[in-house]
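Accompanying notes for the structure given below.
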Amino acid sequence: MFATKLVVPPPPPVTVRRPRLLDALDVGARGPLTLVAAPAGAGKTALVSSWVGEGRAPGTAAWLSLGKEDNSRRSFWYAVIAALEPTVAVAAPPRVRIDLLLPTLVHALAEEGDPVTLVLDDFHEVDDPAVTGDLQTLLDYPLGRLRLVVLTRADPLLRLQRLRVSGRMNEVRAQDLAFTLEETRELVQLLDLALPEDDLDTLCRRTEGWAAGLRLAALSLEVDPDPHAFIDGFAGSDQAVSDYLTSEVISRQTDDRLRFLLATCVPDQVNPSLADALTERPGGDDALALMRRDGLIAPFDGRGGWYRYHPMFHVVLRLELARTLPDEVAPLHRRAALWFRANAKTREAINHAVAARDWDLAGDLIGEHWLYLMIRGEGQRVRDVLKRIPPDVTKSSPELALAVAGLELDAGSSEVDELGDAVLASAAQLPDARRRNFAIAATVTRLYRARRGGEVEEALEAARAVLDDHWDRSLSQDVQSLTLACLGTAEYWSDDLPAAVKHLQQAVGLARECENDYLLLGAQAWAAAAAFHSDQLEEARRRAFAALEVAELNGWTKTDAMAVACLSLASLALLANDQPAAAVYLTRAKGAITAPREPLLALEIALLDADLIAARGDALAALDLLRAAMSAAGDPLPRFLRVASLLLEADLLMTLGEPARARKLLVDLDANEDASDPAVGLARVELACGAPEAAIHAVATFLADDRHAITAAARVDAWTLDAIARDELRDEDGALRALERALDIAEPRGFVRPLVRNGAPVRSLLRRHIRRGTAHRALAGEVLGALDGNTAAERTMNGPLLEPLTERELAVLRFLPTMMSNTEIASEMFVSVNTVKTHLKHVYRKLDVADRRDAVRRGRELRLLNPGLTER
């Protein structure tokens, strides 16, 4: 017997004290058995030796480090008695029979006296059934003094479930031993390593708190010249980790077990059926159960029957497979691909087919499923897989070439026209069984291309081809939703807003029916944009927020749809004069576009950006930005976009002191466009040039025009300019009537900026108008506050109200400080009690409060209520 086997191992030179685990051992030691089970390097020995070293083990502690030489009944119990000898009076003559020796040991431990804690380290080295049978008997009839602590890499062959149920066993498992982020931080500090918080977090996630992995990483970090790069790439391929796992885990496996490990490491997760397919033999269920018992594999996210290896061990297994069995790597990937295809796991099947370099299988899978994967939000993943296929293979396969074209169009590429034309004519090369799927994908790709290029007639033709065909039900709703969304977007860019609204709303409904969030995101975002330009502002706000929620929940924040939703919200915020919120949403819209996308969308973003830049006082920079974006967008521009851009350009020219150029621009716009808005711009120029009569005439021309205004705030602008012009002519009554008309239109829409932008003349008019009386006191006060430099964002600690209250909701809010009942409020407003309750629900949601008292407080903060009102 080596004396070192009986000595408590010293803790590592640098040890993090872990009270939560020491406390767990304290609790466990109140019962007969504490099981500390975890794979190699999890920190079992370090933890228990620290616990013993601090004197927390009950009574006297005895330590026994086991080895293969102890794997028999006689050698094991002789070793145990040697460990206990200093505290338990048991003699062990060299040749005494073990069945006579054990009763003596049991008798000694059953006597009255102080507890004895026996730690059995590396118990996985002992699998003799006679030994485990003896231990099970001791645990079935626990001895009063004995506290057993078993450290093992694999669950011992004891009746563990029975011990759990009876409360005779406490457990510390791998997930308990894993270092938390705070413990990782402490370890790094003790090692005098300076790591930024992001790198620390990455290190903790990569190792999943595995103690040996952290310590091995620390050794490398002490000498690595670029710690950030090391942590960013740290995995099982790191030499220290690889050597440790190879010597401590892989080298200890039997040939059959190692063969199983290497075969099943090919996929990211494995279940018994897949294991059978990979090994080409039955028994995967039992093999995985044994590996789970031995701590080599763990259940995957609670999914029934699925397991995964620790990421670092997984990497080492794959390296070992490539090193020792290189010729089997591709066949294993092919087996995995076939199994995943048979089990309807298409993305995994494609990945393994490409890894196997089985281009025929990859072509079949991608050709059949790429469109479905794309419209389920998996387009980027399929694009990444396609990059691993040699270009000559892709070009020689009609299905793969079409997939490249369609997926690049989805990503916003403008460099696939030639490839798309060649591919769309190649369906005849395919067998009949696959020709139909190809035709569907080709038609949708054509529609996508036409929509991206602004070719409305071609898009309409392609959309009809999709919608008129009677395709397979499992795909038709997805395809129809995509088609309607593309069609509606094309109509949006072609100024057919009623048709765009109709088709985009239909696309939203179909996306909901088939539970396709990716299509729902796009349809909602573009429906919001179409609603905004159709003067359906609440509808636009609702749909934009809905799209934003879908994008954020699914991680689709780098998409055109995300940009469109943010752009609608930025436009609404700017109209409400909430420039900080508008800037935030605009920044998010810009950040959502990561590739060259639709130039018209880029112009919409630039238009809003230029407006904000001008509001900050840099009209020249705004004009340069706007003109560059208009030039890049080319011709023809959609009418609403062309009119809005030229109106802003005229405003910027006015600000820069060039009214003549602004007037000419507006006159040309009026002559060339079927729009009434230029008259409002001309009214602004006339006022600036000191001609209020001409301004009034221009406004009258606009108001008499029965055409729908292009810009959302045109009518508010018109009445505001009319009010200013009449005031300059000393027609105060006419001016205040015009101002009230402007407020009538502005308040229910939440418009503030169209009034604020006119500055001092509006301030003077509003002060007089308030004294005379207005139905829009709250809006008038908000405009005055903004003109005085006291914006909503400055008035409230909690930020502006991004979703304004409607006129009726505001009316309900103003009753709340009076403490009138809902019935009394309903009576005052001539509505039902249920209607009042509905308004209250919306008020609470928009103010982000839970009850009436908080609504009053929040209303006062936002100056929606008079701060002097008191509850009674």
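The values are calculated or read from the model by the stated rules, or taken from the named source; none is laboratory data. Everything numeric in this text was worked out from a predicted model, so none of it was measured. With ideal geometry, Cβ positions are generated from the backbone for all residues, glycine too; neighbour counts draw on all protein chains shown.
Assorted remarks:
- Hey, Thr720 part of a helix (DSSP H, G or I), surrounded by fewer than 20 Cβ atoms within 10 Å (Cβ to Cβ), hydroxyl-bearing (Ser, Thr, Tyr) and touching a helix residue (DSSP H, G or I) at 6+ places or on another chain (Cβ under 8 Å) or not: no
- Residue in region 694-703 that is in contact (Cβ under 8 Å) with a residue 40 or more places away in the chain and assigned to a helix (DSSP H, G or I) present: no
- For region 285-326, taking the residues that are hydrophobic (A, V, I, L, M, F, W, C) and not in a helix (DSSP H, G or I), the one that is modelled with the highest pLDDT is identified as Leu325.
- Selection count, region 2-43, where residues are more than 19 Å from Val188 (Cβ to Cβ) and more than 36 Å from the chain's Cα centre (by Cα): 23
- Odd one out for Leu193, checked against (1) among the aliphatic types (A, V, I, L, M); (2) under 16 Å from Ala240 (Cβ atoms); (3) part of a helix (DSSP H, G or I): (3)
- Residue in region 42-65 that is basic (Lys, Arg), assigned to a loop (DSSP other than H, G, I, E, B) and free of Cβ contacts under 8 Å to residues at least 40 places away in the same chain present: yes
- Filtered residues of region 233-251 (kept if surrounded by 14 or more Cβ atoms within 10 Å (Cβ to Cβ) and not β-branched (Val, Ile, Thr)): Phe234, Ala235, Gly236, Asp238, Ala240, Ser242, Tyr244, Leu245, Glu248
- Scan of region 71-102 for residues that are basic (Lys, Arg) and either modelled with pLDDT under 85 or surrounded by fewer than 17 Cβ atoms within 10 Å (Cβ to Cβ) (or both), ordered by number: Arg74, Arg95, Arg97
This table checks each residue for (1) surrounded by 18 or more Cβ atoms within 10 Å (Cβ to Cβ); (2) of a type outside the set (Ser, Thr, Tyr); (3) at pLDDT 75 or above.
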site: Pro804; (1), (2), (3): yes, yes, no
site: Met820; (1), (2), (3): no, yes, yes
site: Val833; (1), (2), (3): no, yes, yes
site: His839; (1), (2), (3): yes, yes, yes
site: Ala850; (1), (2), (3): no, yes, yes
site: Asn866; (1), (2), (3): no, yes, no
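- Condition met for Lys502 (part of a helix (DSSP H, G or I) and free of Cβ contacts under 8 Å to residues at least 24 places away in the same chain): yes
- Whichever residue in region 272-291 is touching a Phe, Trp or Tyr at 6+ places or on another chain (Cβ under 8 Å) and under 15 Å from Leu332 (Cα atoms) and, among such residues, is surrounded by the fewest Cβ atoms within 10 Å (Cβ to Cβ): Ser273
- Conditions (1) part of a helix (DSSP H, G or I); (2) more than 44 Å from the chain's Cα centre (by Cα); number of the one not met by Gly690: (1)
- Where Ala89 falls short, out of the listed (1) in a loop (DSSP other than H, G, I, E, B); (2) touching a helix residue (DSSP H, G or I) at 6+ places or on another chain (Cβ under 8 Å); (3) closer than 22 Å to Arg18 by Cβ: (3)
- Matching option when the condition is buried (at least 17 other Cβ atoms within 10 Å of the Cβ), outside any loop (DSSP other than H, G, I, E, B) and either at pLDDT 90 or above or out of contact with any helix residue (DSSP H, G or I) (no Cβ under 9 Å at 6 or more places or on another chain) (or both), among Leu109, Leu135, Leu105: Leu135
- Asp285 in contact with a Lys or Arg (Cβ under 6 Å, 6 or more places away or on another chain) and not hydrophobic (A, V, I, L, M, F, W, C): no
- Within region 68-92, residues that are more than 13 Å from Thr132 (Cα to Cα) sit with their Cβ atoms under 7 Å from residues that are β-branched (Val, Ile, Thr) and outside any helix (DSSP H, G or I), at 6+ positions apart or across chains, in these pairs: Ile81/Val90; Leu84/Val90; Leu84/Val116; Thr87/Thr60; Thr87/Val116; Val88/Val116.
- Members of region 723-755 found to be hydrophobic (A, V, I, L, M, F, W, C), more than 19 Å from Leu805 (Cα to Cα) and surrounded by fewer than 21 Cβ atoms within 10 Å (Cβ to Cβ), listed by number: Leu729, Leu736
- Going through (1) part of a helix (DSSP H, G or I); (2) at pLDDT 90 or above one by one, Glu794 falls short only on (2).
- Single unsatisfied condition, Gly367 versus (1) touching a Lys or Arg at 6+ places or on another chain (Cβ under 6 Å); (2) modelled with pLDDT under 80: (1)
- Any hit, region 120-131, residues being buried (at least 17 other Cβ atoms within 10 Å of the Cβ), part of a strand (DSSP E or B) and under 58 Å from the mean Cα position of the chain (by Cα): yes
- Every residue from region 178-190 that is within 9 Å of Val16 (Cβ to Cβ) and either in contact with a helix residue (DSSP H, G or I) (Cβ under 7 Å, 6 or more places away or on another chain) or not in a helix (DSSP H, G or I) (or both): Phe179, Thr184, Leu187
- Lone qualifier among Ala411, Ala425 - being exposed (fewer than 15 other Cβ atoms within 10 Å of the Cβ), of a type outside the set (D, E, K, R) and modelled with pLDDT under 80: Ala425
- The condition of being touching a residue at least 24 places away in the same chain (Cβ under 8 Å) and either under 16 Å from Val14 (Cα atoms) or more than 26 Å from the chain's Cα centre (by Cα) (or both) holds for Ala211.
- Of all residues assigned to region 625-640, none qualifies as being of a type in the set (Ser, Thr, Tyr) and under 25 Å from the mean Cα position of the chain (by Cα).
- Test result for Ala403, touching a Leu at 6+ places or on another chain (Cβ under 7 Å), farther than 24 Å from Cys514 by Cβ and in a helix (DSSP H, G or I): no
- The single condition among (1) closer than 22 Å to Leu519 by Cβ; (2) assigned to a helix (DSSP H, G or I) that Val329 does not meet is (1).
- Among the residues of region 630-655, those that are aliphatic (A, V, I, L, M) and either in contact (Cβ under 8 Å) with a residue 40 or more places away in the chain or loosely packed, with under 15 Cβ neighbours inside 10 Å (or both) comprise Ala632, Leu641, Val643, Ala644, Leu647, Leu648, Leu652.
- Options Ala581, Ala546, Ala540; residue that is under 21 Å from Pro638 (Cα atoms) and either surrounded by fewer than 22 Cβ atoms within 10 Å (Cβ to Cβ) or outside the structural domain of Asp478 (by TED's automatic domain parsing) (or both): Ala540
- Within region 51-70, at least one residue is touching a Pro at 6+ places or on another chain (Cβ under 9 Å), over 23 Å from Leu219 (Cβ atoms) and either at pLDDT below 90 or aromatic (Phe, Trp, Tyr) (or both).
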